[in-house]
Structure formats: structure tokens, C-alpha cells
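What follows is a short report on a single structure.
The values are calculated or read from the model by the stated rules, or taken from the named source; none is laboratory data. Every value quoted in this text rests on a predicted model; they were computed, and no experiment measured them. Glycine gets a Cβ as well: all are built from the backbone with ideal geometry, and neighbour counts include every protein chain shown.
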Amino acid sequence: MSKSKSAYSIPGKKGKLDTHIIVVWVDNEAGVLARVVGLFSGRGYNIESLAVAEIDSKLNISRITIVTTGTPQVIDQIKLQLKKLVPVHKVADFKREDKQVIFKEMALFKLVGSKDKRNKALNTCKKFNAVILDKTNKSCVIQITALRRDIDKMSNNLKKFGLVSVSRTGAVAMTRGAETFK
Amino acid sequence: MPKSISGAEIVFKCLEDQNVDFIFGYPGGAVLPIYDELKNHSSIKHILVRHEQGAGHAAEGYARSSGKPGVVLVTSGPGATNVVTALTDAYMDSVPLVCISGQVPTHLIGTDAFQECDTTGITRPCTKHNWLVKDIKDLSKIIHKAFEVATTGRPGPVLVDIPKDIQFQKTNYSKFKKENKYNGKKHNNFNHKDIDELVKLMSKAKKPIFYTGGGVINSGPKASELLRELVSITGFPITSTLQGLGCYPGDDNLFLGMLGMHGTYEANNAMHDCDLMINIGARFDDRITGKIDEFSPKSKKVHIDIDPSSINKNVKVDLPIVGDVQSVISAIVKTIKKMKPNFIKSNKQQISKWWEQIGKWREKKSLEYINSNETIKPQYAVQRLYELTKNKDTFITTEVGQHQMWAAQHYKFDKPNRWMTSGGLGTMGYGLPAAVGVQIAHPNKLVVDIAGEASVLMTIQEMSTAVQYNLPIKIFILNNEYMGMVRQWQELLHDKNYSESYSAALPDFVKLAEAYGCVGIRAKTPEELDDKIIEMINTDRPVIFDCLVDKQENCFPMIPSGKPHNQMLLGPKDQEKNKITGKGKTLV
């Protein structure tokens, strides 16, 4: 039996980590993002990506979408702790595998190089709703919307076509069908 | 048409509407308009502390002993940062506090102005919610909301940061209407099916136990009454956490004593071996559970708590019931009376073996210690204090450390709200200012701070507050010249390397008392102890009681860290008997 020198108990077994997308409806007021993010950092929860914007200026509501990983117990805690915050109205939780939910991220790629390379780049992007936002003799900016993994892949693939800059958003989510989350 | 009044006046109007009688505070530049307004509001008394941390703990003592929220008023910058410890303490122990802090004028915010700090940023993780008031029109709404958030659901501290210019600005004040609904954060809609399920589990249980905590106290005195009824109609054993002491009589035969790291042998073994654990208003803290993987492996666990996030946080439970303890127990009692009017009779046989087993554990007498004729044993001092004050409806506060555990083990509480201690945060220096707050709430009661000499020095300046307001608090110091709990851990776990745990230059506490203008009493031998305690009780002024105790005494029993409940370390008597030498030491 080893000798523990800590006043605290030794850590127990760790469970399996799942990826979840947590959507939080909050009052759009000063400090609300800090409250949500502070909860995650203070309790040691993980944030993979984050997207925030006001969605209803009349009711003053913002929607925060957080991609996180954790054991089922941790995910439950995240939801319950979020619900305790005063400016939080409701919290939705989706699993990444969930077929009933759409997840999307957006990315901007700036490519510098020959026309040939740029066309090839555009071709590779095609299946991700590629849009050319800016074009010069030497460069272009392509916008795509896709899942995180696809964007990861694309930013790798585009390197050989003269990719010089990447800018991307966090994930946003919405349920399929006529239903909305209550 | 209502007349236009200043922000400072609105603060007091709100406090009056909230029936606030006392505020604990310390003035400074950014709250001067509020202090200027104080003279116009005679129903509110301001208690001037000597350090803002003291204001926070005094408000905690006031709140815990009276059931009303404590109100704190501090200035910007250092005033606010000094109160952070007390806010965190209140957050951990679910004490309702409303802290109002001054802030530099709005046009200076963000410029690193004199005595500016990001108060709402600093206090965000240690309050239930906080507000920076940027518009005078929001002020009254925010203050009323602050009281609501602090006192509803699981109580806790809140902070309202008011810039100085807002305190000067004028607007109308509309009278406050109390709303019943609160942003959907109130949780008292438990399902009666769950209650039926619980009663079913209870009637089947062969080894049941009630494990009660501070939630019972926070739910109000009625909850304690109902708990006593529930225990008496079931005949189940009951144990309590540190914060829950007093919700069930400490000298009752069904009470197994406190559980946890320094809990009794019978309470911890019963927790480990039970087949039904009913947690009422406690939160499976790590000092209670020990090693989580081996925590009460054979039991069905029921958890009654008002805070949904407490459920399954540390320990997975089988039946969660989210609701106010008082309403839940009341529903359980009603259901038992209706469904099983003869519960206790029909159940007696079923749990008699369990009680037999508990009796065997009790025979260990885990709280016993080897007494001495020459030196005062700290446990003996607490026992004598208990015997000599138990008929007086005494209020006890403590600091943090060995003395705190000895107080919890040997002082038997029989009413709620009589025991104020820093459990979650473990704040040394809590007890003295808390005693100030308790005495404010209960001017004619005996209030004793069972203290350690190291802890009490952290907030000793509040003796001045006690003297100023004629608060006859008794500071009962178990003086062993060591940071006792640190020394104990060093003895048991760090090869007796007493690194920095001895206080080499302590003040003469009797002279210190005299310097503050109160009374100093010293007890050196067990023989004189009783007389000195009686002298202390009979002194109608603040007293510092310097009780010189055995310097080497350790607090037992004890669950060493990372161990389950059934591997307790018992006191010296047991260790001698069982000759636990080399091999036993590795148990630590």
C-alpha cells in the first residue's frame, strides 16, 4: 500500500470522453460570456470551439454554441452548472453523432499563387459550398462551410495550392425538421 | 408623482424594503455618498468592522444564526478585494450575503484609477451572481434582485458594484413588489412518485442511514423539526456533516455523531456498510466520502437537495429528489403516516441487527482520549465548556483546524443555527468576526468562538469591533502554540518534519485582551479550568480566554486521505491496545 501524502483523495477512474455540442440561450448583457467561459475554465471543463452572437435584439437574447468533451458525468455537470447562471434561459445538449442536428462551421482561406493552383484549390473545396469572396491576379479568398474535421482536412490539402491564411469560426448547431428546442 | 432621490438613498430604501436591520461595513472614497446617507435611516444600524474580511464573516455569522441574509458594505479596490475570502467562504457554505461595493465613477472605469479594480470580474467565480450598475434607473431593480438571488434556491453570496457617480445621480424610486416567480431557478417541484419510491426503499431497507447536512439548516428551523419527526417515526440511525450539526440533537441515541474525515467510527462504518443511504441536504464533499471508488459500495443512494447540480456531482445516486428539504421531508412524513402508520413497529425487527452492529462499533468509543491531571487536554476543555454552557442556548463559532474538529466532536448541539463554522473553504480567522455577527443577531445569548491561537490571530483586530459595540463574545482559544492540524499531518505523513507550523512569537493573549479593552483569562491546569470557564461565562464583556492545552495532542479518529470509510485511524488508546506499529503506519 503506497503512502499518500496529500490531504485529498487520490483520483478515481476516468470515464470515456464524448464530444457534445452545448447550446446556451442567454441574456445579452455585459459579462455574460465571461460567466459562461469562466465556468468552464474554473471547473476544468474543456472548450473546443465557441460561437456567440445576438439572435434576438428585441428580447436581448444571445445564443452561445460550445463544443466540448467530457465523461457523461461531466457533461451533465456542465449543463446543470450552466442552468444555475442567472442570465441563462435554457441549455440544449447535442451529441456530435446526432443525425437530427445540423452542425456547421465556416472557414475563410486565402490562397496566393498561379491561376492553375487557385482553380485546383477551388475544385477541392467544391463540395463544401465554396464561394469566392475576393479575387486578384495573384490571390483569392474562398469561403467554405463544413464540419470541423472537413475543414481540418481542407486546410491541410490546400497547403500545396498556396494557402497563406486561415480564419475559421466555431461550430453552430440547429435541429432538423419543424421542431425547435424548448 | 414620486420624488426624485439619489442613488445612495435608493440603496437604503431598498435595504429598508428588504427589512435589513444591520449592515457590516467599512467606509472609503467610493462609498462616501452611501455613508453620507446613513444618518437619515435610523432603522438600519451600521457595524464598523476593522477589516473588510471581518465584515464578510460577521455578516455570515449573522446570516447563519438568524436565517436572514447578511449585508456587507465596502469601498472599491482594496475594500472589495479584502471581502473576496468571505464571499468565497459564503459561496462554499451556502450562506446568503448581499455585498454592496463602491466603484470609481463610470467615466474612470478602465483607466486604472485610484482604488479601482475589476470587482465584478474578481468576484464572478465566488458569487451566485454580481452586477455592475451602469444606469441609475437599474439600481433599485438590481438590489432587489440581488436579495432574491442570494436567498432563493441554494443560498449564496451576491455582489452589487455601484460607481460613485451613480450614487450621486437622481431618479424615482418605485416601491418594491415581491414576486413569487424567479427566472425559473427555483427548484421545488419534485415528483410525489419519487417520495413513494423512497418510502418503499425505506420499508425494505435492512441497514438504512440518514446522512444530513447544512441544507437542513438552510431550509429553516421547521426542517429540523420535521427531520426529528422523520427519524422518530422510522427509528433509523442518523449522522450529520460538519455543517449539519444541530439539525438533530447531538445527545440523542439515534444520532451516530458527525461523519467524515474526523467523524466517529460508528458513523463512518455505518455509511460504508449501509444498504440505503438517504442524503438530506448534503453534497458528498471529499472530506465526507473519502475514496470515491470505495464509498459505501453496497448501498442504494437517495439524494435530497435543492441544487440540481449537486446531484451526481461527486457520487452517482439512485434516486435524486430535487427540492427544498423542508417540503420534501414533510411529504415523506405524510406519506409514511398514510401508507405505513406502524412503520417503526414493523421495521424494528428488520433493522435490529443493524442497530446491534452499530452498537458494536460504538463500543470502540472512537472519541475517547487519554486525559491528564497535569495538562489540559483540548478535548477535555471543549467537553467542560459544553457541560458548563449546555443549558444556556449557546451559539458556537469556530476557526479552522484541530480545535474546530474537537468542537464538532465534543460539543453536542440540539438546535439548528447554533453552530457557525467554515466548512467548505476552511477559512482560518472565520470564527471571531462570525461571533461578532452572531452576537449582533442575538444580543442576549452566550456566543463562544472556539478558536486556535494561530487562526484567531488572522482576524484578531475584530476584538476592537466587539468592544466598540459592547458585544460580550467569548474567544475560547485552545492554545497549543502550533498550527495544530498542520502539525498533525506533518507528524503522520511527513516524518515529523514540523516545517513552519510552530508559532515562535505568540502574543500574551491576556495582555492582548487588556490592550483591546476587554477581559483576558488564562487557564493552565485542568484543576482550575471549570472555575475559569464559569468566570468567563459570568463576565458581561468580551473575553479572550487563553486555554493552554497539550501541545502534542492529535485529533482522532481520522480517515487518512485516499482511504474508504472503513479504514479509520483510531486514537492512542486503541493504537496501544492493538499494537499497530510498522504495518499500521502504512495505513496513513
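Go through B:GLY244, B:GLY260 for me and flag whichever is outside any helix (DSSP H, G or I), at positive phi, of a type outside the set (A, V, I, L, M, F, W, C) and crowded, with 21+ Cβ neighbours inside 10 Å. That would be B:GLY260, the only listed residue that is outside any helix (DSSP H, G or I), at positive phi, of a type outside the set (A, V, I, L, M, F, W, C) and crowded, with 21+ Cβ neighbours inside 10 Å.
Of the helices (runs of 4 or more DSSP H) lying entirely inside the range B:282-367, those containing at least 1 residues that are modelled with pLDDT of 95 or more and either within 14 Å of chain A (Cβ to nearest Cβ) or under 21 Å from the mean Cα position of the chain (by Cα) (or both) span B:325-339. Residues of the range B:419-445 that are more than 24 Å from B:THR241 (Cα to Cα) and surrounded by fewer than 24 Cβ atoms within 10 Å (Cβ to Cβ): B:ALA441, B:HIS442, B:PRO443, B:ASN444, B:LYS445. When B:GLY184 is tested against (1) surrounded by fewer than 16 Cβ atoms within 10 Å (Cβ to Cβ); (2) at pLDDT 95 or above; (3) not β-branched (Val, Ile, Thr), just one condition goes unmet, and that condition is (2).
Within the range A:13-41, being assigned to a helix (DSSP H, G or I) and in contact with a strand residue (DSSP E or B) (Cβ under 7 Å, 6 or more places away or on another chain) holds for A:VAL32, A:LEU33, A:VAL36.
Just so you know, in the range B:124-138 the residues that are of a type in the set (A, V, I, L, M) and more than 10 Å from chain A (Cβ to nearest Cβ) include one that is surrounded by the most Cβ atoms within 10 Å (Cβ to Cβ), and it is B:VAL133. Restricting the range A:32-46 to residues that are more than 10 Å from every other protein chain (Cβ to nearest Cβ) and more than 17 Å from the chain's Cα centre (by Cα) leaves a set whose member that is nearest to A:GLY70 (Cα to Cα) is A:GLY44.
With respect to (1) hydroxyl-bearing (Ser, Thr, Tyr); (2) free of Cβ contacts under 8 Å to residues at least 24 places away in the same chain; (3) within 24 Å of B:ARG154 (Cα to Cα), the lone exception for B:THR111 is condition (3).
Taken over the range B:207-233, the residue count meeting the criterion of being touching a Leu at 6+ places or on another chain (Cβ under 9 Å) and assigned to a helix (DSSP H, G or I) is 5.
Tell me yes or no: at least one residue of the range B:338-351 is of a type in the set (Ser, Thr, Tyr) and under 23 Å from A:LYS14 (Cα atoms). Checking the range B:338-351: not a single residue is of a type in the set (Ser, Thr, Tyr) and under 23 Å from A:LYS14 (Cα atoms).
A quick yes/no check of all residues on (1) free of Cβ contacts under 8 Å to residues at least 40 places away in the same chain; (2) within 14 Å of chain B (Cβ to nearest Cβ); (3) out of contact with any strand residue (DSSP E or B) (no Cβ under 6 Å at 6 or more places or on another chain); (4) assigned to a helix (DSSP H, G or I):
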{"position": "A:ALA51", "(1), (2), (3), (4)": "no, no, no, no"}
{"position": "A:LYS58", "(1), (2), (3), (4)": "yes, no, yes, no"}
{"position": "A:ILE75", "(1), (2), (3), (4)": "no, yes, no, yes"}
{"position": "A:VAL91", "(1), (2), (3), (4)": "no, yes, no, no"}
{"position": "A:PHE94", "(1), (2), (3), (4)": "no, no, no, no"}
{"position": "A:LEU111", "(1), (2), (3), (4)": "no, no, no, no"}
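This table checks each residue for (1) away from chain A (no Cβ under 14 Å); (2) under 22 Å from B:MET428 (Cα atoms).
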{"site": "B:LEU97", "(1), (2)": "yes, yes"}
{"site": "B:THR111", "(1), (2)": "yes, no"}
{"site": "B:ILE122", "(1), (2)": "no, yes"}
{"site": "B:ILE142", "(1), (2)": "no, no"}
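Hey, among B:PHE190, B:PHE176, which residue is surrounded by fewer than 22 Cβ atoms within 10 Å (Cβ to Cβ), in contact with a His (Cβ under 8 Å, 6 or more places away or on another chain) and closer than 30 Å to B:ILE217 by Cα? First the steps, then the outcome.
On the way: B:PHE190 fails: in contact with a His (Cβ under 8 Å, 6 or more places away or on another chain).
From the options B:PHE190, B:PHE176, the qualifying one is B:PHE176.
Just to be sure, is A:VAL67 more than 9 Å from chain B (Cβ to nearest Cβ), touching a Gly at 6+ places or on another chain (Cβ under 8 Å) and modelled with pLDDT of 95 or more?
Here the answer is yes, as A:VAL67 does meet what is asked.
Can you tell which of B:TRP406, B:TRP361 is aromatic (Phe, Trp, Tyr), touching a strand residue (DSSP E or B) at 6+ places or on another chain (Cβ under 9 Å), surrounded by fewer than 24 Cβ atoms within 10 Å (Cβ to Cβ) and touching a residue at least 60 places away in the same chain (Cβ under 8 Å)? From the options B:TRP406, B:TRP361, the qualifying one is B:TRP361.
Okay, residues lined up against (1) closer than 17 Å to B:GLU368 by Cα; (2) crowded, with 22+ Cβ neighbours inside 10 Å; (3) touching a helix residue (DSSP H, G or I) at 6+ places or on another chain (Cβ under 9 Å):
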| site | (1), (2), (3) |
| --- | --- |
| B:ILE537 | no, no, yes |
| B:ARG541 | no, no, yes |
| B:ILE544 | no, yes, yes |
| B:VAL549 | yes, yes, yes |
| B:GLN552 | yes, no, yes |
| B:PHE556 | yes, yes, yes |
| B:PRO560 | no, no, yes |
| B:LEU570 | yes, no, yes |
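Right, B:SER140: among the small types (Gly, Ala, Ser), within 21 Å of B:PHE22 (Cα to Cα) and part of a strand (DSSP E or B) or not?
The answer is no for B:SER140.
Sub-7 Å Cβ pairs linking a first residue in the range B:542-555 that is farther than 30 Å from B:VAL467 by Cβ to a second residue that is at pLDDT 95 or above and of a type in the set (Lys, Arg), at least 6 apart or interchain, are B:ASP550/B:LYS377; B:GLU553/B:LYS377, ordered by first then second residue. Is it true that B:LEU492 is farther than 24 Å from B:ASN391 by Cα, within 14 Å of chain A (Cβ to nearest Cβ) and touching a residue at least 12 places away in the same chain (Cβ under 8 Å)? For B:LEU492, the condition - farther than 24 Å from B:ASN391 by Cα, within 14 Å of chain A (Cβ to nearest Cβ) and touching a residue at least 12 places away in the same chain (Cβ under 8 Å) - is met. Counting the residues of the range B:71-111 that are polar (S, T, N, Q) and closer than 22 Å to B:VAL11 by Cα gives 7. Residues that are in a loop (DSSP other than H, G, I, E, B) and within 16 Å of the chain's Cα centre (by Cα) within the range B:373-406 comprise B:THR394, B:GLU399, B:VAL400, B:GLY401, listed in sequence order.
For the range B:92-108, filtered to residues that are touching a residue at least 40 places away in the same chain (Cβ under 8 Å) and surrounded by fewer than 22 Cβ atoms within 10 Å (Cβ to Cβ), the residue that is nearest to A:ARG43 (Cα to Cα) is B:MET92.
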